[in-house]
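Heads up: the structure comes next, in structure tokens.
The values are calculated or read from the model by the stated rules, or taken from the named source; none is laboratory data. Not measured: the values here are computed from a predicted model. Here the Cβ positions follow ideal geometry from the backbone for every residue, glycine too, while neighbour counts run over all protein chains shown. What goes into the accessible areas is simple: the full protein's heavy atoms, side chains included, and nothing from ligands, DNA or RNA. Shrake-Rupley method; radii C 1.70, N 1.55, O 1.52, S 1.80 Å.
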Amino acid sequence: MTRMVKGQARMGLIAILLFGLAFISGIAGGLMVGGFTFFAGVLGFPARAMGQFRKEAPWEAIAAGLFIAWACISFLWSPYDRPDQVWKLAIGVPSYAAFAFAMSQLEGRWKTRVEAALLFCTIGLGLFFVAETITGGGGTMSFKLAVEGGAAAGADLQDLVNKSLGHGAAFLILLAGPAAALAWREGAPLIGLVIVALAVISAFGFATEINIVAVAAALFVAALAYFQPRGILSALFGLVGGMFVVIPLTLPGLIGALPQSLIDAMPTSWVMRLEIWSYASEQLRERLWTGWGLDASRVLGGPAEVRGLSFDLLPLHPHNAALNVWLETGAFGAMLLAFALVMIGGRVAGAPRLSRLQAAAIAWVVSVHTVLIMGSYGIWQEWLIACSAVAIGGCTMLGARRQA
């Protein structure tokens with residue numbers, strides 16, 4: 001009993017500290033969440049709880065591990081020469097998962113304290129980003145001018161401010177689902193609605209359209225999951241897995257079928273995105289099964305021009321996770337990832353203590369993360385993976401209470 005209490009205290013204190021640091025990190029753009037979550041996962045790893053896997057092997061985790069291993073191995077034939085991403089995937093992702101697993105083991109007082117820390121972090125971030133939305137990023141702008149010396153000026157500085165705040169708002173949106181569900185479960189549905197409202201308002205700020213799409217998708221899918229928990233979660237994970245296989249095969253045809261009048265009416269940034277996707281689709285066909293190797297997107301590409309504006313045909317990544325996986329790890333990697341997602345979905349949907357609120361929160365996080373990586377961010381970006389792991393940790397605390 002004493003050992004269990006000590007373990008709970010260690011994990012609880014680490015989680016509370018992480019949420020405090022995550023609040024600061026979120027305000028600063030969210031990029032530091034990756035480093036903090038890595039150390040939290042290492043220090044809070046619940047080694048004693050791993051004994052439960054002796055009875056049943058964690059096949060879902062093994063499948064996900066095989067995908068990560070293949071992605072790391074693919075670096076051997078990548079034209080990119082820096083192995084940074086190999087270590088971030090091989091060491092970082094398991095650490096993020098360890099933190100989420102540690103949160104699932106919390107009980108009693110420490111669980112209640114960590115839930116309070118999650119609510120504090122989310123509401124604090126929500127109030128900050130709504131204030132920044134109202135002032136046009138005034139606080140962040142002042143910080144960059146006073147502390148960072150205003151390295152950029154005019155529109156360039158505003159772009160940097162919007163990018164930082166857009167990243168931080170994405171973290172808020174991920175946390176909003178689990179936090180709102182926690183408030184709702186504890187008999188404060190009004191607070192839960194306020195949390196969702198803060199996330200929605202923040203999504204419309206900072207010229208980051210992908211956040212609007214993410215929060216809209218999350219609201220819709222989470223509502224469905226609340227009424228049909230197991231069925232919707234199974235379908236959601238299956239759909240996401242299928243997207244990684246189908247999108248690279250169908251996207252070129254869909255882009256080619258778009259009428260020119262519609263393309264002419266699109267914003268320039270969207271037209272650039274179509275050009276990037278078309279180029280990435282052409283490149284992945286050259287190495288269909290094994291891909292170009294991890295981080296090859298950083299090397300491939302070249303100059304292009306749309307409406308008189310120059311841009312790179314492959315700026316670090318294709319801005320679409322399915323294309324990213326096929327381009328760098330090939331069809332083999334895409335099928336491994338799809339298989340892992342289907343297995344994880346089956347385990348989640350079949351969890352004996354799955355509650356309606358927990359299902360809604362999980363659907364929220366999965367929907368937000370999927371939209372973000374399919375339309376904007378790179379699939380390997382560790383800060384976003386860590387942010388989602390923290391949000392999933394919050395979801396693990398929403399299961400039905402154990403019977404006495």
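Key figures
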quantity	calculated
Those residues of the stretch 351-393 which are assigned to a helix (DSSP H, G or I), more than 14 Å from the chain's Cα centre (by Cα) and within 20 Å of Gly108 (Cα to Cα), in sequence order	Leu357, Gln358
Residue in the stretch 181-200 that is surrounded by the most Cβ atoms within 10 Å (Cβ to Cβ), counting only those that are at negative phi and of a type in the set (Gly, Ala, Ser)	Ala199
In the stretch 201-220, the residues that are of a type in the set (A, V, I, L, M), surrounded by fewer than 24 Cβ atoms within 10 Å (Cβ to Cβ) and either at negative phi or free of Cβ contacts under 8 Å to residues at least 24 places away in the same chain (or both)	Ile201, Ile210, Ile212, Val213, Ala216, Ala217, Leu219
Failed criterion for Trp277 (all others in (1) of a type in the set (A, V, I, L, M, F, W, C); (2) modelled with pLDDT of 95 or more; (3) within 30 Å of Gly137 (Cβ to Cβ); (4) surrounded by 15 or more Cβ atoms within 10 Å (Cβ to Cβ) hold)	(2)
Residue in the stretch 225-269 that is nearest to the chain's Cα centre (by Cα), counting only those that are open to solvent by 70 Å² or more (accessible area, probe 1.4 Å) and modelled with pLDDT of 90 or more	Leu239
Qualifying residue in the stretch 104-119 (condition: open to solvent by 40 Å² or more (accessible area, probe 1.4 Å), basic (Lys, Arg), under 24 Å from Ala216 (Cβ atoms) and touching a residue at least 40 places away in the same chain (Cβ under 8 Å))	no
Conditions (1) more than 16 Å from Leu251 (Cβ to Cβ); (2) within 25 Å of the chain's Cα centre (by Cα); (3) hydrophobic (A, V, I, L, M, F, W, C); number of the one not met by Leu274	(1)
Scan of the stretch 351-365 for residues that are more than 17 Å from Ala203 (Cα to Cα) and buried (at least 21 other Cβ atoms within 10 Å of the Cβ), ordered by number	Leu357, Gln358, Ala359, Ala360, Ala361, Ile362, Ala363
Count of residues meeting criterion [among the polar types (S, T, N, Q) and either open to solvent by 40 Å² or more (accessible area, probe 1.4 Å) or over 18 Å from Gly375 (Cβ atoms) (or both)] in the stretch 308-322	1
First in the stretch 330-352 and closer than 18 Å to Ala69 by Cα, second anywhere and open to solvent by 50 Å² or more (accessible area, probe 1.4 Å) and outside any helix (DSSP H, G or I), Cβ under 7 Å, 6 or more apart	Gly330/Leu288; Gly330/Trp289; Gly330/Thr290; Ala331/Leu288; Ala331/Trp289; Phe332/Trp289; Phe332/Thr290
Close pairs from the stretch 78-95: first touching a residue at least 24 places away in the same chain (Cβ under 8 Å) and assigned to a helix (DSSP H, G or I), partner open to solvent by 20 Å² or more (accessible area, probe 1.4 Å) and not hydrophobic (A, V, I, L, M, F, W, C), Cβ under 6 Å, at least 6 apart	Lys88/Glu382; Gly92/Glu382
Residue selected from the stretch 395-404 under the condition open to solvent by less than 20 Å² (accessible area, probe 1.4 Å) and modelled with pLDDT under 95, by the criterion farthest from Phe23 (Cα to Cα)	Gly399
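Results for (1) open to solvent by 60 Å² or more (accessible area, probe 1.4 Å); (2) outside any helix (DSSP H, G or I); (3) at pLDDT below 90, shown as yes or no for each residue.
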residue: Gly7; (1), (2), (3): no, no, yes
residue: Leu13; (1), (2), (3): yes, no, no
residue: Leu17; (1), (2), (3): yes, no, no
residue: Gly20; (1), (2), (3): no, no, no
residue: Ile24; (1), (2), (3): yes, no, no
residue: Gly29; (1), (2), (3): no, yes, no
residue: Phe39; (1), (2), (3): yes, no, no
residue: Arg48; (1), (2), (3): yes, no, yes
residue: Glu56; (1), (2), (3): yes, yes, yes
